[in-house]
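Only one structure is covered here, and it is reproduced in the block below.
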Amino acid sequence: MDPALQKFLHLAADQLTEWMGSAAAATPFPLVRPQPEVAPSPEGADMESLLHDLQTVMDGAFQPSHPGSLAHLDPPPLTASIAADLICAGLNNNLLAEELSPGLSSLEQQLCIWFCSRLGLPENSGGVLASGGTLSNLMGLVVARSASASDQGVIFCSRDAHVSLQKAAMVMGVPADALQQLPVDVNGALCTTALEDALQAMKARGLPCLAVVATAGTTVRGAVDPLLAIAELCAHHGIWLHVDAAIGGVFALSSATSSLMQGLNRADSITLNPQKLLGITKTSSLFLVRDKARLRETFATGLPYMESPTGEHHGGEVGLQGTRPAEVLKLWLGLRQLGEQGITAVLQGALERRRLLAQHLSSDRLQLLSGDLHLLAFRPRWGDAQQTKQWSEHTRSRLLRAGFLLSRPQYDDHHWLKAVLGNPHTTTEHLQQLADLIQSDLPG
Ligand SMILES: Cc1ncc(COP(=O)(O)O)c(C=O)c1O
């Protein structure tokens with residue numbers, strides 16, 4: 001037993017619980033940010049001074065547990081997930097190879113299989129955890145390319161698809177115009193007729209297509225592309241379908257909300273980020289594939305300096321990352337804490353808060369932008385781009401001073417304010433207060 005470790009953990013835990021417990025006392029985003037000492041001191045610091053250093057950083061941190069934290073897809077962390085993250089650091093296992101993480105390698109494989117079966121993927125499906133959705137999307141396109149007859153080809157996605165696809169294309173070295181963004185309909189979902197026309201045109205010209213990427217939950221408005229219709233088209237043309245369900249995929253976990261993800265089970269590969277709504281601490285992303293053999297086919301290099309795995313595979317041979325932490329621990333324990341009922345409550349609660357806020361906002365005065373999920377963007381109905389820029393800037397800082405943090409995306413040549421209603425601490429009273437504040441100072 002190391003008494004210094006024990007004391008440090010106790011004190012750090014007290015400090016953290018105090019920080020989280022007093023979340024509502026300040027604003028979600030610090031108005032001043034104290035600067036910590038950056039360089040290590042010559043003789044090293046004692047515990048007291050390290051805790052003081054930590055407090056300085058905590059005082060300048062974004063506070064996801066504040067009930068007015070509604071800007072992004074960063075909800076308050078779950079208790080079990082925080083504890084598991086701490087244990088993960090203490091275990092310091094490495095998912096690169098089975099001999100460095102014997103039980104955890106198997107837990108990751110089993111949990112991916114549980115996700116696949118919950119999503120309705122077939123028996124030989126599986127996956128790997130990744131440090132964020134950007135990496136999962138990159139893996140999706142790399143696996144698609146390795147499964148394709150040609151290593152050239154166009155990738156189709158919607159205009160509202162996430163910017164990580166551009167990064168993936170850049171890393172993969174595909175030409176800049178290989179990523180083709182198609183129009184969306186009035187609901188922000190990929191226009192299937194545009195996709196159909198594009199695929200027909202490619203076929204007529206004898207050009208290869210690497211993949212279609214559908215988005216299940218777009219970043220600005222939470223729109224879900226028509227997954228079933230897109231899957232039909234991909235099957236017809238024999239094209240890999242990757243679904244970026246980083247935001248929406250979790251809704252498939254509960255029978256109460258799974259109809260929102262109809263067709264997700266037809267994907268060849270899926271990105272799903274439990275970090276975005278369920279309260280699993282960052283980072284937590286899954287890359288799931290319909291045929292798990294594809295992972296080894298794409299990424300296995302052999303690990304000649306490691307013993308052969310006794311289980312299915314080394315974690316470093318089924319994905320892009322080498323050394324990585326056992327992020328599975330906080331995902332697994334967080335889900336165990338929630339249970340089936342807790343998962344459903346988180347998902348339904350977020351949808352209900354979106355519905356309530358939309359109901360409180362006057363659609364006569366505000367243009368509301370939303371899809372089927374828990375995101376809601378809005379701007380005044382009147383005003384040109386310059387006026388909406390000023391309005392959004394001014395209103396955002398006014399709301400922050402009142403304890404609400406919203407984001408300010410650019411969409412359709414305008415600045416909007418966006419609320420992500422994934423914070424379970426936000427009550428119906430908070431939503432009414434937020435709507436009143438927004439509408440108390442509208443132009444026109
Ligand atoms: C739809 C979508 N896909 C992918 C990503 C990238 O995920 P990450 O930030 O975890 O890399 C995001 C991030 O917001 C997203 O909204």
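The values are calculated or read from the model by the stated rules, or taken from the named source; none is laboratory data. Everything numeric in this text was worked out from a predicted model, so none of it was measured. With ideal geometry, Cβ positions are generated from the backbone for all residues, glycine too; neighbour counts draw on all protein chains shown.
Residue 43 fulfils the conditions (1) surrounded by fewer than 13 Cβ atoms within 10 Å (Cβ to Cβ); (2) farther than 22 Å from residue 279 by Cβ; (3) touching a Ser or Thr at 6+ places or on another chain (Cβ under 9 Å) except for a single criterion, (3). When segment 117-137 is limited to residues that are free of Cβ contacts under 8 Å to residues at least 60 places away in the same chain and away from the ligand (no atom under 16 Å from the Cβ), the one that is farthest from the chain's Cα centre (by Cα) turns out to be 123. The set of residues from segment 13-52 being of a type in the set (Gly, Ala, Ser) and assigned to a loop (DSSP other than H, G, I, E, B) comprises 22, 26, 39, 41, 44, 45. From the list 104, 54, 70, the lone residue that is under 30 Å from residue 302 (Cα atoms), crowded, with 16+ Cβ neighbours inside 10 Å and out of contact with any Asp or Glu (no Cβ under 8 Å at 6 or more places or on another chain) is 104. Scanning segment 218-238 for residues that are surrounded by 24 or more Cβ atoms within 10 Å (Cβ to Cβ) and either more than 17 Å from the chain's Cα centre (by Cα) or away from the ligand (no atom under 13 Å from the Cβ) (or both) returns 227, 230. Could you list all residues from segment 287-296 that are aliphatic (A, V, I, L, M) and either closer than 13 Å to residue 321 by Cβ or not assigned by TED's automatic domain parsing to the domain that holds residue 242 (or both)? Scanning segment 287-296 gives a single hit, 295.
Could you go through segment 245-259 and let me know if any residue there is more than 24 Å from residue 78 (Cα to Cα) and either surrounded by fewer than 24 Cβ atoms within 10 Å (Cβ to Cβ) or within 16 Å of the ligand (Cβ to nearest atom) (or both). There is at least one residue in segment 245-259 that is more than 24 Å from residue 78 (Cα to Cα) and either surrounded by fewer than 24 Cβ atoms within 10 Å (Cβ to Cβ) or within 16 Å of the ligand (Cβ to nearest atom) (or both). In summary, residue 408 fulfils each of the numbered conditions (1) touching a helix residue (DSSP H, G or I) at 6+ places or on another chain (Cβ under 6 Å); (2) surrounded by fewer than 21 Cβ atoms within 10 Å (Cβ to Cβ); (3) more than 19 Å from residue 161 (Cα to Cα) with the single exception of condition (3).
Picking from residues in segment 176-212 that are touching a helix residue (DSSP H, G or I) at 6+ places or on another chain (Cβ under 6 Å) and not in a helix (DSSP H, G or I), the one that is surrounded by the fewest Cβ atoms within 10 Å (Cβ to Cβ) is 183.
Listed by first and then second residue, the pairs with beta-carbon distance under 7 Å, at least 6 apart or on different chains, first residue in segment 279-295 and at positive phi, second within 14 Å of the ligand (Cβ to nearest atom), are 279/75.
Here residue 75 meets the list (1) in contact with a Phe, Trp or Tyr (Cβ under 6 Å, 6 or more places away or on another chain); (2) within 16 Å of the ligand (Cβ to nearest atom); (3) not acidic (Asp, Glu) almost entirely, failing just condition (1).
Working only within segment 377-398, note down all residues that are of a type in the set (A, V, I, L, M) and touching a residue at least 60 places away in the same chain (Cβ under 8 Å). If you could, list the steps in order and put the result at the bottom.
So the first thing to find is which residues in segment 377-398 are of a type in the set (A, V, I, L, M), and the list is 377, 385.
Hit for segment 377-398 is 377, nothing else.
Sub-8 Å Cβ pairs linking a first residue in segment 208-221 that is closer than 13 Å to residue 145 by Cβ to a second residue that is among the acidic types (Asp, Glu) and near the ligand (Cβ under 10 Å from one of its atoms), at least 6 apart or interchain, are 213/244, ordered by first then second residue. Only residues that are in a loop (DSSP other than H, G, I, E, B) and surrounded by 13 or more Cβ atoms within 10 Å (Cβ to Cβ): list them for segment 292-310, please. Within segment 292-310, 292, 300, 303, 306, 309 qualify.
Residue 373 meets the conditions (1) farther than 30 Å from residue 441 by Cα; (2) in a loop (DSSP other than H, G, I, E, B) in every case but one. The failed one is (1). On inspection, residue 344 fails the criterion of being part of a helix (DSSP H, G or I), in contact with a strand residue (DSSP E or B) (Cβ under 7 Å, 6 or more places away or on another chain) and β-branched (Val, Ile, Thr). Can you tell me which residue within segment 1-40, out of those that are small (Gly, Ala, Ser) and either surrounded by 14 or more Cβ atoms within 10 Å (Cβ to Cβ) or modelled with pLDDT under 95 (or both), is nearest to residue 80 (Cα to Cα)? Once the filter is applied, the top-ranked residue is 12.
Criterion first (assigned by TED's automatic domain parsing to the domain that holds residue 249, away from the ligand (no atom under 12 Å from the Cβ) and among the small types (Gly, Ala, Ser)) does residue 198 satisfy it? Quick ask: steps written out before the conclusion?
On the way: assigned by TED's automatic domain parsing to the domain that holds residue 249: yes; away from the ligand (no atom under 12 Å from the Cβ): yes; among the small types (Gly, Ala, Ser): yes.
Taking the combined requirement at face value, the residue satisfies it.
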